[in-house]
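The values are calculated or read from the model by the stated rules, or taken from the named source; none is laboratory data. Computed from a prediction, not measured in an experiment: that's the story for all the values here. Ideal geometry is used to build each Cβ from the backbone, glycine not excepted, and the neighbour counts take in all protein chains shown.
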Amino acid sequence: MLKSNEELSLILLNVGYSELNANWNWKNVCSPFARIYYVKEGRAKTKIGDKTYLLEPDHLYLTPPFTLHDNECDSYFSLYYIHFYEKVINKESIFDTYDFPIGIKASLLDLSLTQRLLEINPDRYLHHFDPQLYDNPPIFSQYIANNNKMPLHSSVETQGILYQLMAKFLELIKMKSNNKDIRINKSLLYIHENIDKDISIDQLADIACITEDHFIRLFKKEMNYTPTKYINLKKMEKAQLFLLTTNLPIRSIAFDLSIDNISYFNRIFKQHTGKTPTQYREEYK
């Protein structure tokens, strides 16, 4: 659970303003990065699961990382966009811990903050609107280089604005654990904080203080995944982030996630993303 902003590290990737005319239509977008939109004019739709959300002017919208969604727009639509990620090392991500509202009414201050973020990061706009052309290692490397070149005062102000905009959503969050069995919550916390380790089912059953068979049944009932599939899902999410944010060899990434068999790693990764790690990293270079 997030106890203070000292435990939250948000890294800006890009920020920009776009005026679109029925050309913001993308299917099956699933990025390892989070997105905040401030809608200026027009309307569009985002579909997440079986729910469709209308994107309206003077609202802020948040799409958490690894959220499969479709974007639809059939007329004029303008928005400010902010892409960022949470730097997490051996602790639970806020997006694993909380359910966030998708859209909230924005204030004039939110608009001013968004415009100011763009003003102090003028070269961080997207050169392509297709997610597959900007969620890739070469582009990401440039974002990191831009972050490292920023003057200290601009870096601090950028962080501060990200915190302020996220605070609007954090005010309305709900604990994901509220609707889950406390025994499963304990095991989930262990998984999220130890995803770099080899996690066994008997370890998790011991944490939950129940038998292994009982744990597997209860976990699947609460999460709609078997424990093994959920662990692999979280490992592959971490792998995607490593592939896009580092130059680590694929074998090293697998080892860092305590997967010694590289063939097994490649197979599981492809099951989750539809691509091999090499294809995922190299496709748009």
* Any residue at all in the stretch 209-226 that is within 21 Å of the chain's Cα centre (by Cα) and surrounded by fewer than 16 Cβ atoms within 10 Å (Cβ to Cβ)? -> yes
* To do: Scan the stretch 112-127 residue by residue and report those that are under 20 Å from the mean Cα position of the chain (by Cα) and in a loop (DSSP other than H, G, I, E, B).
  => 124, 125, 126
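What are the residues in the stretch 183-211 that are free of Cβ contacts under 8 Å to residues at least 60 places away in the same chain and either out of contact with any helix residue (DSSP H, G or I) (no Cβ under 9 Å at 6 or more places or on another chain) or not aliphatic (A, V, I, L, M) (or both), if any? Please lay out each step first, then the result.
Step one: filter the stretch 183-211 for residues free of Cβ contacts under 8 Å to residues at least 60 places away in the same chain, giving 183-187, 190-191, 199-211.
183, 185, 186, 187, 190, 200, 202, 203, 206, 209, 211 - these are the residues of the stretch 183-211 that are free of Cβ contacts under 8 Å to residues at least 60 places away in the same chain and either out of contact with any helix residue (DSSP H, G or I) (no Cβ under 9 Å at 6 or more places or on another chain) or not aliphatic (A, V, I, L, M) (or both).
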* Count of the stretch 100-112 residues which are surrounded by 14 or more Cβ atoms within 10 Å (Cβ to Cβ) and out of contact with any Phe, Trp or Tyr (no Cβ under 9 Å at 6 or more places or on another chain) -> 0
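Given the options 102, 82, 36, 89, name the one that is under 20 Å from the mean Cα position of the chain (by Cα) and under 25 Å from residue 179 (Cβ atoms). Write out each step before concluding.
Details: 82 fails: under 25 Å from residue 179 (Cβ atoms); 36 fails: under 25 Å from residue 179 (Cβ atoms); 89 fails: under 25 Å from residue 179 (Cβ atoms).
Exactly one residue qualifies, and that residue is 102.
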* In the set 198, 202, which member is over 20 Å from the mean Cα position of the chain (by Cα) and not in a loop (DSSP other than H, G, I, E, B)? -> 202
* To do: Quick one: in the stretch 270-285, of everything that is part of a helix (DSSP H, G or I) and modelled with pLDDT under 90, which residue is surrounded by the fewest Cβ atoms within 10 Å (Cβ to Cβ)?
  => 282
* Structure fact -> Condition set touching a residue at least 24 places away in the same chain (Cβ under 8 Å) and in contact with a Lys or Arg (Cβ under 7 Å, 6 or more places away or on another chain), scope the stretch 219-258, selection farthest from residue 88 (Cα to Cα): answer is 222
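Would you call residue 70 surrounded by fewer than 19 Cβ atoms within 10 Å (Cβ to Cβ) and either among the hydroxyl-bearing types (Ser, Thr, Tyr) or within 20 Å of the chain's Cα centre (by Cα) (or both)? Full working, then the answer.
Working: surrounded by fewer than 19 Cβ atoms within 10 Å (Cβ to Cβ): yes; either among the hydroxyl-bearing types (Ser, Thr, Tyr) or within 20 Å of the chain's Cα centre (by Cα) (or both): yes.
Against the criterion (surrounded by fewer than 19 Cβ atoms within 10 Å (Cβ to Cβ) and either among the hydroxyl-bearing types (Ser, Thr, Tyr) or within 20 Å of the chain's Cα centre (by Cα) (or both)), residue 70 qualifies.
Could you tell me which of the residues 172, 218 is of a type in the set (A, V, I, L, M, F, W, C), over 30 Å from residue 253 (Cα atoms) and outside any helix (DSSP H, G or I)?
Numbers: 218 fails: outside any helix (DSSP H, G or I).
It is 172.
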* **In the stretch 235-269, the residues that are assigned to a loop (DSSP other than H, G, I, E, B), at pLDDT below 90 and surrounded by 13 or more Cβ atoms within 10 Å (Cβ to Cβ)** => 246
